[in-house]
């Protein structure tokens, strides 16, 4: 499906959605239709990027690559516009997203280098949420490499993770939903966020075949115990 809207029209629709109180019913209806069409226009580029990434994953030795895709839900787009008031909808980079899980960080890095070396890939930016890289490990413990590509006029976000990194992110995602606490957006109880930072460190150690110190494990156990009150229905 092609997109028939200008960037200005898309940006205006996003601004209307962000400021519902000051919008007329006609403006709101126009904005909803524009955003719905803009979101849908990402579907075909998303499928193309997905298929291409499977090729690169097999190229680094992963015979049955774990590659998933998703279109950001309408409600999630609206939430992001409200969380980030300076963002124009036409510049939102993750309406379409592809996630690739690879056994080793080295394979992630090889795919990124491959993408950068191919002129046919329009790379908008690369963000390496890895210690010692740019922009580096996120304060909440999130680890991954993100590559934003432009495909058929749409931005698509590629997330490349190892299984350890994905396990951490999925756990935070699950608790974000269970607690409605916004953990994945840097919100929620401080003690629970600190616990997840330590879990991220532990998983990074395991991925590197490093043993945590006894002091580290004792501190982690204390933080784990302190957060159980948020999950009163779980068996202990």
On average, how much area does the Cα convex hull of the range 104-229 cover when viewed from any direction, in nm²? 9.0
Rounded to the nearest 0.05, FRET efficiency between residue 220 and residue 23 (Cβ-Cβ, R0 45 Å) equals 0.40
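For the range 165-230, how big is the tail of P(r) above 18 Å, as a whole percent of Cα pairs? Present the calculation step by step, with values, prior to reporting the outcome.
On the way: 795 of 2145 pairs.
For the range 165-230, the share of Cα pairs beyond 18 Å comes to 37 percent.
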The range 42-161 - Kirkwood radius from inverse mean 1/r over Cα pairs (Å): 14.9
Among beta bridges that DSSP assigns inside the range 42-161, antiparallel share in %, nearest 5: 75
Based on the Kirkwood radius over alpha-carbon pairs, what is the Stokes-Einstein translational diffusion coefficient of the range 196-236 at 10 °C with 1.306 mPa s viscosity, in µm²/s? 141
Please report the antiparallel percentage of DSSP beta bridges with both residues in the chain, rounded to the nearest 5. 75
How much length would be gained if the chain were fully extended between residue 167 and residue 33, taking 0.36 nm per residue of separation minus their Cα-Cα distance, in nm to one decimal? 44.6 nm
Distance (nanometres) between label positions extended 7 Å along Cα→Cβ at residue 190 and residue 75: 3.1
Expected sort for 34-42, 75-83 on mean C-beta neighbours within 10 Å, highest first, is 34-42, 75-83
In this structure, the FRET efficiency calculated for residue 178 and residue 87 from their beta-carbon separation, with R0 = 22 Å, to the nearest 0.05, is 0.20
CD proxy at 222 nm, helix term only [per DSSP H run n ≥ 4: -39500 (n - 2.57); per residue of the chain; nearest 500]: -16000 deg cm²/dmol
So for the chain, using the alpha carbon gyration tensor with a ≥ b ≥ c as root eigenvalues (a/c under 1.5 gives rounded; past that, a/b versus b/c decides prolate or oblate), I'd call it oblate
Quick check: pseudo-label points 7 Å beyond the Cα along Cα→Cβ at residue 106 and residue 120, how many nm apart are they? 2.8
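Throughout, read-outs are computed from the coordinates displayed, never taken from laboratory work. Predicted model only: the values in this text are computed from it and were never measured. Heads up, the Cβs are rebuilt from the backbone with ideal geometry, glycines too, and the neighbour counts pull from every protein chain shown.
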